[in-house]
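First comes the structure, then the notes that go with it.
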Amino acid sequence: RAAPDYSSVISRFERLIQDPQTPRRLATFYALKLARFHAKTRNDRKLAEKILLDALTRDKDSTQLYLALIDLAYSAPTFDENAVLSAIDYALDSEHLSDEEKLRFSQRKLDFLEDLGTDIQKL
């Protein structure tokens, strides 16, 4: 059985994301949808990550994009603690998020380490 052809769907999303007329938050919405599509439907997590990182260059203070990166790492077929921590640290290292948002990401990191961490030193 031939694999479905998603090229028209993908190119439509890409056009909407790249179009300068598309409002920034709407482009972020489309990027989130396209990244989820690649991760879940096409099983291409690397491309999903690239789409999210590209979207962050345009919408630098989008907590949704940072959360999607964390979710992508967390939901990987093989659990990788360092990948999840790297995604959280990426948000914490951002100069575009407010202190309140960074505090929430810091709390997520603490919760993650308490629940699933394997190294007490990281706490």
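Suppose the filter is of a type in the set (A, V, I, L, M), surrounded by 17 or more Cβ atoms within 10 Å (Cβ to Cβ), within 16 Å of the chain's Cα centre (by Cα) and closer than 18 Å to V9 by Cβ; does A87 pass it? Taking the combined requirement at face value, the residue does not satisfy it.
Please verify whether the range 91-101 includes one or more residues that are of a type in the set (A, V, I, L, M, F, W, C) and either modelled with pLDDT under 95 or under 28 Å from D19 (Cα atoms) (or both).
Within the range 91-101, the subset of a type in the set (A, V, I, L, M, F, W, C) is 91-92, 97.
Within this subset, residues satisfying the condition of being either modelled with pLDDT under 95 or under 28 Å from D19 (Cα atoms) (or both) are 91, 97.
Yes, because at least one residue in the range 91-101 is of a type in the set (A, V, I, L, M, F, W, C) and either modelled with pLDDT under 95 or under 28 Å from D19 (Cα atoms) (or both).
For the range 1-29, a residue qualifies if it is closer than 24 Å to P77 by Cα and of a type in the set (F, W, Y), and exactly one does: Y6. Just a yes or no: is a residue in the range 101-109 under 23 Å from R25 (Cβ atoms), under 13 Å from the mean Cα position of the chain (by Cα) and surrounded by fewer than 18 Cβ atoms within 10 Å (Cβ to Cβ)? Checked against the condition, which is being under 23 Å from R25 (Cβ atoms), under 13 Å from the mean Cα position of the chain (by Cα) and surrounded by fewer than 18 Cβ atoms within 10 Å (Cβ to Cβ), the range 101-109 yields no hits at all. Among residues of the range 31-57 that are in a helix (DSSP H, G or I), those with a Cβ under 7 angstrom from a residue that is of a type in the set (K, R) and buried (at least 16 other Cβ atoms within 10 Å of the Cβ), sequence gap 6+ or separate chain, pair up as A39/R45. Residue pairs whose Cβ atoms lie under 6 Å apart, sitting 6 or more positions apart in sequence or on different chains, and linking a residue in the range 78-102 that is of a type outside the set (A, V, I, L, M) to a partner that is modelled with pLDDT of 95 or more and in a loop (DSSP other than H, G, I, E, B), are H96/K60; H96/D61. All conditions but one from (1) farther than 19 Å from K33 by Cβ; (2) touching a residue at least 24 places away in the same chain (Cβ under 8 Å); (3) part of a helix (DSSP H, G or I) apply to I70; the one that does not is (1). Looking at I10, is it in contact (Cβ under 8 Å) with a residue 12 or more places away in the chain, assigned to a helix (DSSP H, G or I) and touching a Lys or Arg at 6+ places or on another chain (Cβ under 6 Å)? For I10, the condition - in contact (Cβ under 8 Å) with a residue 12 or more places away in the chain, assigned to a helix (DSSP H, G or I) and touching a Lys or Arg at 6+ places or on another chain (Cβ under 6 Å) - is not met.
Quick one: is P20 part of a loop (DSSP other than H, G, I, E, B), within 20 Å of D59 (Cα to Cα) and without any contact (Cβ under 8 Å) to a residue 60 or more places away in the chain?
Details: part of a loop (DSSP other than H, G, I, E, B): yes; within 20 Å of D59 (Cα to Cα): yes; without any contact (Cβ under 8 Å) to a residue 60 or more places away in the chain: yes.
So P20 passes the test.
The single residue among S75, S98, S62 that is surrounded by 15 or more Cβ atoms within 10 Å (Cβ to Cβ) and not aliphatic (A, V, I, L, M) turns out to be S62. If you check A76, A2 for being more than 17 Å from the chain's Cα centre (by Cα), in a loop (DSSP other than H, G, I, E, B) and not polar (S, T, N, Q), only one passes: A2.
Has the range 23-30 got at least one residue that is of a type outside the set (F, W, Y), modelled with pLDDT of 95 or more and in a loop (DSSP other than H, G, I, E, B)? Explain how you work it out, then say what you get.
Keep residues of the range 23-30 that are of a type outside the set (F, W, Y), which gives 23-28.
Adding the requirement that they be modelled with pLDDT of 95 or more leaves 23-28.
Filter again for in a loop (DSSP other than H, G, I, E, B), leaving 23.
Yes: the range 23-30 contains one or more residues that are of a type outside the set (F, W, Y), modelled with pLDDT of 95 or more and in a loop (DSSP other than H, G, I, E, B).
The values are calculated or read from the model by the stated rules, or taken from the named source; none is laboratory data. In this text the structure is predicted, and so the values were computed from the model without any measurement. Quick reminder, even Gly has a Cβ in these numbers, built from the backbone with ideal geometry, and neighbours come from all protein chains shown.
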